[in-house]
Each structure stands twice: as structure tokens, then as C-alpha cells.
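What follows is a short report on a single structure.
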Ligand SMILES: [Zn+2]
């Protein structure tokens, strides 16, 4: 309701301004009339087209370094961290062993979020062929998940139907039978085991047998090569090396679960047949977490402090989402549209306090009033 009245006020102001500065309707030619009405529309109503044009200009003026280079450097940093972590396991020191596992865990945190997410969106390069390579590398070989599941669930459903009940409403993250603290702080630690089961289970459910065999092979090769490295460095048996690998993968799983629910749940939800236009859907239904250096670097801006920008322009890399952020924020706020920003700890308290309403009961449908 506030949204609608805000826009009506903007619209009236814009109209008044035009009435004061343009000739009367009787004097206008049809061409002038159409120009004036276009101009009026562009001043009084926000449009995805107009915002896209602004973002296109920023992208066109950006160098390869800004488009992809910054993110590849961060990815490379975390990839090297994995090997440093494995090397640290070879020292006869508990401290070095713990630091080694921490680095391996941070590498997996990056693979599961930044690497896989950007690869799934083809946001790591211009080439489609290379884009495919990065998808299989990050999602299947290193992430032990399925490219098909990621693309079908995240790209084809969650993005176009953000906060639409029964589709992209993040309800797959709900486990209503789990008590709050177990769900928020213990259950995420099971995710490294659950992730391959969900990925391969999806391919079985969809009866994509060829993809199932390809994905299983890549995931097995990835796990096997990492296990062999751990076995060689730490002089451990295969079973113990797999356990070390799985334990290290728990390092970033708690914040991983948190960010997935913080970004959308608790915001307006819509019915499929009555959802607002894309710009309004994303402005209302996505939330940015304030900047945190570790999450920015490990998970990426598009999942942390630029999630609204990412939902509006999912093909952009993390660094580009950060670059367009001021323009997007200014545009949404100029037209009285929401621009949700919250602190991680504030969201954590909010979810713990309202766990039953947010994570157990179904979210209420917000009937969208206004601007279609
Ligand atoms: Zn995405």
C-alpha cells in the first residue's frame, strides 16, 4: 500500500512539473505529444528497461579485469588455499592440521557458493563453451553436486519466480520438524553428506541416466583426487582421509544455510497468478546483507551485499554487481521502491526469535496492490 501511494505522489509531482513546463495539449503536434508522454512515463514510472539500459552502459564501459578478472583472482586465491591446506596436513602438528582443514573448508565454501553460483549463471566468461567447462568443474568435480539440478532449481525456478509461493519461495530450505537451534546451528553440518545425495537424487528422479553417469563419474573423480592428496600428505588411510575431507567441508556450512534463508524468507511472498512486474518483484523479494569481508570474499557479493542487484542482473559477476550497486540503489529509492538491507547478526536474531513463523508455518501470500 505504501508502495502504491509513494508512486502516486511521485506521479502527481511529475505531472505537475510537466504541466508547468510544457505547452498545453491543444498546441502539441502528435510527435511532440508522444515525446512528452514517453518522457512523462520515464519520469513517473520505474521500468526494468530503463534500469537495464543504465546497467548496460556501465557494463560496456568496464574492462575485462572488472567484468571477470577480479573474481577469477579471488577464485584462484581460494583454489591455492586448498593446496596450502593439504600441505599443512603433512606437518606433525595439531595446530597446522587444524589450519590446514580450515583452509580446505574455506576452499569448499568458495566452490559451493561463489564458484558454482557464478558458473551456473555463466557469469565467469563470455564464451559459452568455457562457461560449460566451469560449470562441470565447480559444481560437479569440486562441488560434488549436479549441474542439471543447480540450473533447473536455481536458474529456471528460483530466479524467475523469486518469492512466488510454491516455486521460487525458498521453501526447499524449510525443515519444519527440526527445532530452531538444531536447524540453525547443527543441521547445516550434515550438508556436505547431503549435497551429493540431493544432486544425484535429482537426476534419478528426472530419469536423466546419461547425465547421472557423467555427473557421478566427475564427482567421484573430484572426491577421489582430493582424498588421495589428503592420504599422501597426512599419511592417513582412505576412510580417515574421506572423514577429514568431509569434516573440513563443514567450515562454512552454517553461514551457507543462513544466507540462503536470510535473503528471501520473511519478505513479501506472491501468488503465481498475481505477481508484480520483475523490477518490483525483485525489489520487494530480495535482501542485501551488509558487507562482511570474509563472506564477501568467500561467498561473493551477489550472494551477500548485492543480492538484489544479482536478482535483477543475474548474468553479472560479483565484481560487476558491486559496481552497479550505487546505480541500482539510487534508481529503486528514487522511485520509492524498497531496497532491503540488513546486518547478518540482525537477521540471525530475527530468525531465531521468529523461527516458527518464518521456517515452520507457510509464508503468507502478499497480495500485490498497484502497478501492473
Ligand atoms: Zn543466482
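The values are calculated or read from the model by the stated rules, or taken from the named source; none is laboratory data. Predicted model, so just to flag it, every value in this text is computed and none were measured. Quick reminder, even Gly has a Cβ in these numbers, built from the backbone with ideal geometry, and neighbours come from all protein chains shown.
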As an exercise: evaluate residue 29 against (1) loosely packed, with under 11 Cβ neighbours inside 10 Å; (2) under 26 Å from residue 283 (Cα atoms); (3) at pLDDT below 95 and give the number of the one condition it does not meet.
(2)
Among the residues of the range 164-176, which ones are assigned to a helix (DSSP H, G or I) and more than 16 Å from the ligand (Cβ to nearest atom)?
171
Looking at (1) without any contact (Cβ under 8 Å) to a residue 60 or more places away in the chain; (2) more than 16 Å from the ligand (Cβ to nearest atom), which one does residue 277 not meet, given that it meets all the others?
(1)
The range 142-163 - residue that is more than 25 Å from residue 358 (Cα to Cα) and not in a helix (DSSP H, G or I) and, of those, farthest from the ligand (Cβ to nearest atom):
144
Check whether at least one residue in the range 332-344 is touching a residue at least 40 places away in the same chain (Cβ under 8 Å), over 22 Å from residue 280 (Cα atoms), surrounded by fewer than 22 Cβ atoms within 10 Å (Cβ to Cβ) and more than 15 Å from the ligand (Cβ to nearest atom), and report yes or no.
yes
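Results for (1) modelled with pLDDT of 95 or more; (2) part of a loop (DSSP other than H, G, I, E, B); (3) within 15 Å of the chain's Cα centre (by Cα); (4) within 13 Å of the ligand (Cβ to nearest atom), shown as yes or no for each residue.
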site: 110; (1), (2), (3), (4): yes, no, yes, no
site: 133; (1), (2), (3), (4): yes, no, no, no
site: 178; (1), (2), (3), (4): no, yes, no, no
site: 181; (1), (2), (3), (4): yes, no, no, no
site: 186; (1), (2), (3), (4): yes, no, no, no
Can you name the condition, by its number, that residue 115 falls short on among (1) touching a residue at least 24 places away in the same chain (Cβ under 8 Å); (2) more than 16 Å from the ligand (Cβ to nearest atom)?
(2)
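Residue under question is residue 324, and the condition is that it be within 16 Å of the ligand (Cβ to nearest atom) and within 10 Å of the chain's Cα centre (by Cα); does it hold? Steps first, answer last, please.
Details: within 16 Å of the ligand (Cβ to nearest atom): yes; within 10 Å of the chain's Cα centre (by Cα): no.
No: the conditions fail for residue 324.
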